[in-house]
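The structure appears below as structure tokens.
The values are calculated or read from the model by the stated rules, or taken from the named source; none is laboratory data. Given the structure is predicted, the values throughout are model-derived calculations rather than measurements. Every residue, glycine as well, gets a Cβ built from its backbone with ideal geometry; the counts of neighbours run over all protein chains shown.
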């Protein structure tokens with residue numbers, strides 16, 4: 001069903017048009033000076049970039065919370081100003097965090113609206129956007145959207161989800177940089193002695 005079915009003579013007098021939890025396939029126009037609520041649309045919706053830009057320019061609120069947009073890449077290319085992101089990530093959950101839009105009139109759920117652009121796996125997790133898994137034991141990553149987790153230095157251990165090499169704990173001594181690499185090394189004035197059973 002297209003939104004145009006609802007868009008007619010009443011468009012100029014509407015204050016709020018709540019079409020949430022619907023099955024709208026497209027949004028070719030937005031009533032001016034209106035709050036249009038399309039939250040929790042049950043199917044991905046195609047939004048006409050020029051219509052969205054015009055509505056926001058004229059002060060209309062568009063709520064797309066928990067709604068997936070089918071043509072988000074087209075929107076991203078067409079509306080760089082309207083889809084500008086805040087500088088910092090919000091709260092981390094399930095290994096990823098997202099940035100909100102700067103534009104206050106456009107309300108979205110980043111992990112549903114444009115997860116590839118708005119969200120990133122956080123340090124301690126590998127993956128991309130919202131598809132994240134924790135680093136396994138004895139590995140770490142301090143980058144966002146990391147493709148892999150790096151191993152802790154030899155003879156050190158770390159819990160899963162480690163976000164830095166500083167989470168790795170040496171079985172002896174401490175981690176130090178040595179010849180361009182992280183290594184477990186004995187503390188000053190100490191030495192490593194092998195036990196008779198071969199353990200350190």
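Below is a table of values for the structure above.
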read-out	value
Residue in region 105-120 that is more than 22 Å from residue 28 (Cβ to Cβ) and part of a loop (DSSP other than H, G, I, E, B) present	yes
In region 117-148, residue farthest from residue 85 (Cα to Cα) [restricted to those that are modelled with pLDDT of 95 or more and in contact with a helix residue (DSSP H, G or I) (Cβ under 7 Å, 6 or more places away or on another chain)]	140
From the options 154, 106, residue that is assigned by TED's automatic domain parsing to the domain that holds residue 41 and in contact (Cβ under 8 Å) with a residue 12 or more places away in the chain	106
Residue check for residue 162: buried (at least 21 other Cβ atoms within 10 Å of the Cβ), at pLDDT 95 or above and either at positive phi or outside the structural domain of residue 38 (by TED's automatic domain parsing) (or both)	yes
Yes/no for residue 198 being within 29 Å of the chain's Cα centre (by Cα) and either modelled with pLDDT under 95 or closer than 30 Å to residue 93 by Cβ (or both)	no
Residue check for residue 21: loosely packed, with under 14 Cβ neighbours inside 10 Å, modelled with pLDDT under 65 and either within 22 Å of residue 72 (Cβ to Cβ) or not assigned by TED's automatic domain parsing to the domain that holds residue 74 (or both)	no
Meets criteria (under 23 Å from residue 24 (Cα atoms), in contact with a strand residue (DSSP E or B) (Cβ under 8 Å, 6 or more places away or on another chain) and crowded, with 18+ Cβ neighbours inside 10 Å) for residue 79	no
